[in-house]
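Scroll down for the structure; my scribbles are underneath it.
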Amino acid sequence: MQAKDSDPPDGGYGWVVVVSAFMVMGLTAAVLKTFGLFFVEIQQHFDELASTTSWITSVTIVVFHLGAPVASSLCVQYTHRTVVITGGLLAFSGMALGFFGLNMVWLYATTGFLQGLGISFSWTPAISIVSHYFSKKRALANAIASAGECAFAFMFGPLFQWLIGQYGWKGALLIIGGIQLNICVCGVLMRPLASSCFLEASHCETETSPGNGASRTDKEDQSPITPKTFNWMLVRQPEFVLYAIFGILAAMSFFVPPLFLVPLSYSLGIDESWTASLLSILAMVDFGGRLLCGWYANLHITKTIHLLAMAITLISTSLMLLPLANNYLSLAIFTGFYGFFFGTTVAIHITVLVDVVGMPEFDSALGLFMLIRSTGGFVGPPLAGLIVDMAGDYRAGFYMAGAILVLSAGFLIILDRLQQRKIRGSKIRIKPEKSTLPYPSLHILKHQTRRYREHNVVV
């Protein structure tokens, strides 16, 4: 394949793709992030326990993670554009069918399973195709695209609250589903590159640009491209296992605060309009945390795993202090601290994964990491809901999340110690090798010894 075909444009139409991915991030992840506004409405409508209602979010999260490898493999067989459009239709179907609200099982299957699959099929290809359109400016392009989650979450907080007040939670679901149909429009704009080797889901693919009729593959090179195999053996590496455990524990905690923040504010007697603004504050400081931490990590002043451990510790501290709030102002301050440090974690946790496994194994590691991490997102919200039911107080969910994050930081410390020990061990093993000189160096040493002896004889 010619280099000129596979080199990304690093601009031009790529910026249209970035804007499309920005929209997709907002119409998928931001919807999931602000779904907590529906929690109390659905719970009161069906008169269910908090743990039962929490399963809606849990199903969405786990399907989102488990569907990512499937979405990647479909991108190989078809195109990113096709998968994103399919994801938009699935997301709309989940919300539109959830409008009927027959029972909790129905919501599990619609706003849970279908919505989660739609988010997975939209989010995964959108993130992937941006990386293929950019090389030198890839970090900037990915940062802009991922910022769509925060920007839309900032707007969706008051919008969803208004929709629920005007049309009820069922009508709001239907309208939000209609808004998510714009994912299909964004998918249409994600034009495939003329010819590229996409390492998505550990496969290689060649896409044809529209109107060309065939890909511009070098006709002289008729040898097939050997796809990179998925390395399942990463689960035997202690470093990856430790980081995966961290991911499970972190996922168990991260989805709890957005879910119970709104019910906690209601229990404090805070007005609904002010409550919706909490989610907007959360999104705004999350956005700032991502940009600031990404900039700081790029300076290489602090080791990324140390930076991540510090961020996790500060998040857990924020969650432990948040239940102490007794009015809107104090709740908004603690929510802001949590959102900022959450953004710092999101900005660098993938970078740490690269440091743990190395770039050659990154594709396999990312897929495995998402699969393993999904168990935390699946168990976390129901477990927090069960604790809330037992304690009779929404504060208990935040204490649980903070305690689990402290435990997850411990695994990061163990991982860092293990890495440092291996580095020291490798240095010790290298030292004996230096004493065994290669033949050219041995020859030079013998020559210098001979000259030294001759010199002594003369003297």
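For the reader, a short list of remarks on this structure follows.
- Taken one residue at a time, the phi angles of segment 297-304 give Karplus couplings (6.51, -1.76, 1.60, θ = phi - 60°) of 4, 5, 6, 6, 7, 10, 4, 4 Hz. Gly and Pro are set to x.
- Remark: the N298-V235 segment gains 19.8 nm on full extension, using 0.36 nm per residue and subtracting the alpha carbon distance.
- With the cut-off at under 12 Å, measuring from each backbone N in segment 57-72 to a point 7 Å along the Cα-to-Cβ line of F46 picks out 57-59.
- Cα convex hull of segment 231-428 - mean projected area over all directions, nm²: 11.7
- Based on the Kirkwood approach, the hydrodynamic radius assigned to segment 9-194 is 16.5 Å, with every pair of different Cα atoms included.
- Between the amide H of N231 and those of S364, distances stay under 5 Å, these residues lying 5 or more places away or on another chain, with hydrogens modeled in the peptide plane.
- Applied to segment 90-96, the Karplus parametrisation 6.51 cos²θ - 1.76 cosθ + 1.60 on θ = phi - 60° returns per-residue 3J(HN,Hα) values of 5, 5, 4, 4, x, 6, 5 Hz, with x for Gly and Pro.
- Dipole check for segment 231-428: with +1 at the C-beta of Lys and Arg, -1 at the C-beta of Asp and Glu, and the Cα centre as origin, the magnitude is about 840 Debye.
- Label-zone membership for segment 35-54, site D393, 7 angstrom Cα→C-beta point, backbone N under 18 Å: 50
- Here r is the Cβ-Cβ distance between N182 and K422 and R0 is 56 Å; the resulting FRET efficiency, rounded to 0.05, is 0.70.
- Ordering 162-172, 123-133, 34-44 by mean Cβ neighbour count within 10 Å, with the highest value first, yields 123-133, 34-44, 162-172.
- Annotation: peptides 386-393, 407-414, 183-190, ranked by per-residue average of other Cβ atoms within 10 Å with the highest first, follow the order 183-190, 407-414, 386-393.
- Projected onto their three principal axes, the Cα atoms of segment 1-113 cover extents of 62, 25, 21 Å, largest first.
- Rounded to whole Hz, the Karplus (6.51, -1.76, 1.60) HN-Hα couplings of segment 374-386, x for glycine and proline: 4, 5, x, x, 7, 8, x, x, x, 5, 5, x, 5
Just so you know, all these numbers are worked out from the coordinates, no wet-lab data involved. Predicted model, so just to flag it, every value in this text is computed and none were measured. Quick reminder, even Gly has a Cβ in these numbers, built from the backbone with ideal geometry, and neighbours come from all protein chains shown.
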